[in-house]
Amino acid sequence: MSHRKFEAPRRGNLGFLPKKRTNKHFGRIRSFPKESASDAPHLTAFRGYKAGMTHVVRSVDRAGALMHKREVVDPVSIVETPPMVVVGVVGYVETPLGLRTLTTVFAEHLSEEFKRRLYKNWYRSKKKAFTKYAKKYEDGAKDIEAELERIKKFCTVVRVIAHTQVKTLNLRVKKAHIMEIQVNGGDAAAKVDFAKGLFEKQVTVDSVFSKDELIDVIGVTKGRGYEGVTTRWGVSRLPRKTHRGLRKVACIGSWHPARVSTTVARAGQNGYFHRTELNKKIYRIGKKDDKASCQTEADLTAKGITPMGGFVHYGEVKEDWLMLRGAVVGVKKRPLVLRKSLMKHTARKHLETIELKFIDTSSKMGHGRFQTAEEKLKFLGPLASKQNQG
């Protein structure tokens, strides 16, 4: 068995150790894209909520490729992205040990769902958060302007504090999800002016991302609890007649050193890990109240993105939404962080312009036959139950 690594390579990636439940439940951006001072100030991330999946039909537009001008079916994920509200700005200075917060400036008026996130028990609290801070805006807001000038003078990194509007979704959640979003482009003064101009305003997803753009999705995977070594690491099963089970690792190490190595596959927690997926292509951006958001040149049926009967374990999509190619991490309703890509894309498949021919909106609870309620009524005719009600 020379070249054993080719005959029996190790199973599982050690780069993701330790495989334990994350404490970053809503996704955390560890790195923001590199910026260019020549660009106009812009936001680099957004937050959405996973609604579900469907499939689309499109024709490939890649000259020279085998599939050029052929139709393909792609799986797509729908992420609901209600507008976010900017409530503050943070300035960071660079030090030998990394970034250090210089100061934070908040807006004058803050919503209840933002304040709820700051309390363990909103019902029993006195609800006095930021009441003293709001008084700084009296008498011309001199203190606020002084802090903003400090950020312009000393800081190299400027980020806005923004929160989601969970009250617009049917998630039974009252506390907003808060995150910092880095402002890229321009000098420090331009960034601060850009951030201050967004105070208390809604930021829509189409002002951050565009169609055919590649983005990164950060979130927490679906939790699967305590699982065995075969499922968790993908090791081979033992022969059928093995005594005391076969979904095991036969030898977990030599006699000496007299301990189990950390590189040996073992049973334990699987799932609910923090993960970042790169290069998810945006196929379409849908707007709120657009009844024909899934209309294409080949399919002129006026229909929204919500399938017949709603998305399973989610319901109806009533706000803005993104259509991303492939799957995204997590269960339905899970908060996801959407970030601009960190890399420069040159591959033709990444630069391809997507033209959809058909978007499936049939029921996801079984083998859906109908795309819209009108189509179902036209095919089945008046139902007996409806006639009895009439």
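The values are calculated or read from the model by the stated rules, or taken from the named source; none is laboratory data. What you see is a predicted model, and the numbers here were worked out from it, not measured in a lab. Virtual Cβ from ideal backbone geometry, glycine too; neighbours counted across all protein chains shown. Remember, those area values only see protein heavy atoms, side chains included, never the ligands or the DNA or RNA. Shrake-Rupley method; radii C 1.70, N 1.55, O 1.52, S 1.80 Å.
Quick notes on this structure:
- Where Thr164 falls short, out of the listed (1) open to solvent by 60 Å² or more (accessible area, probe 1.4 Å); (2) under 30 Å from Tyr272 (Cβ atoms): (1)
- Members of segment 177-199 found to be out of contact with any helix residue (DSSP H, G or I) (no Cβ under 8 Å at 6 or more places or on another chain), open to solvent by 40 Å² or more (accessible area, probe 1.4 Å) and within 21 Å of Leu338 (Cα to Cα), listed by number: Glu180, Phe194
- Pairs with Cβ under 8 Å, 6+ apart, first in segment 109-127 and in contact (Cβ under 8 Å) with a residue 40 or more places away in the chain and exposed (fewer than 13 other Cβ atoms within 10 Å of the Cβ), second assigned to a helix (DSSP H, G or I) and small (Gly, Ala, Ser): His109/Ala134
- Segment 1-103 holds strands (runs of 3 or more DSSP E) entirely within its bounds, and those carrying 2 or more residues that are of a type in the set (Ser, Thr, Tyr) and either closer than 27 Å to Asn170 by Cα or in contact with a Cys (Cβ under 7 Å, 6 or more places away or on another chain) (or both) map to 45-59.
- In segment 274-281 there is at least one residue that is under 19 Å from Thr54 (Cβ atoms), surrounded by 15 or more Cβ atoms within 10 Å (Cβ to Cβ) and among the basic types (Lys, Arg).
- Those residues of segment 77-101 which are more than 30 Å from Tyr283 (Cβ to Cβ) and crowded, with 17+ Cβ neighbours inside 10 Å, in sequence order: Val87, Gly88, Val89, Val90, Gly91, Tyr92
- Scanning segment 136-161 for residues that are at pLDDT 95 or above, basic (Lys, Arg) and exposed (fewer than 13 other Cβ atoms within 10 Å of the Cβ) turns up just one, Lys153.
- Residues in segment 282-305 that are among the hydrophobic types (A, V, I, L, M, F, W, C) and open to solvent by 20 Å² or more (accessible area, probe 1.4 Å): Ile285, Ala292, Ala298, Leu300, Ala302.
- Yes/no for Gln269 being under 26 Å from the mean Cα position of the chain (by Cα) and without any contact (Cβ under 8 Å) to a residue 12 or more places away in the chain: no
- Residue in segment 29-54 that is nearest to Thr361 (Cα to Cα), counting only those that are open to solvent by 70 Å² or more (accessible area, probe 1.4 Å) and in contact with a strand residue (DSSP E or B) (Cβ under 7 Å, 6 or more places away or on another chain): Met53
- If you go through segment 107-131 and pick out every residue that is among the hydrophobic types (A, V, I, L, M, F, W, C) and assigned to a helix (DSSP H, G or I), you end up with 1.
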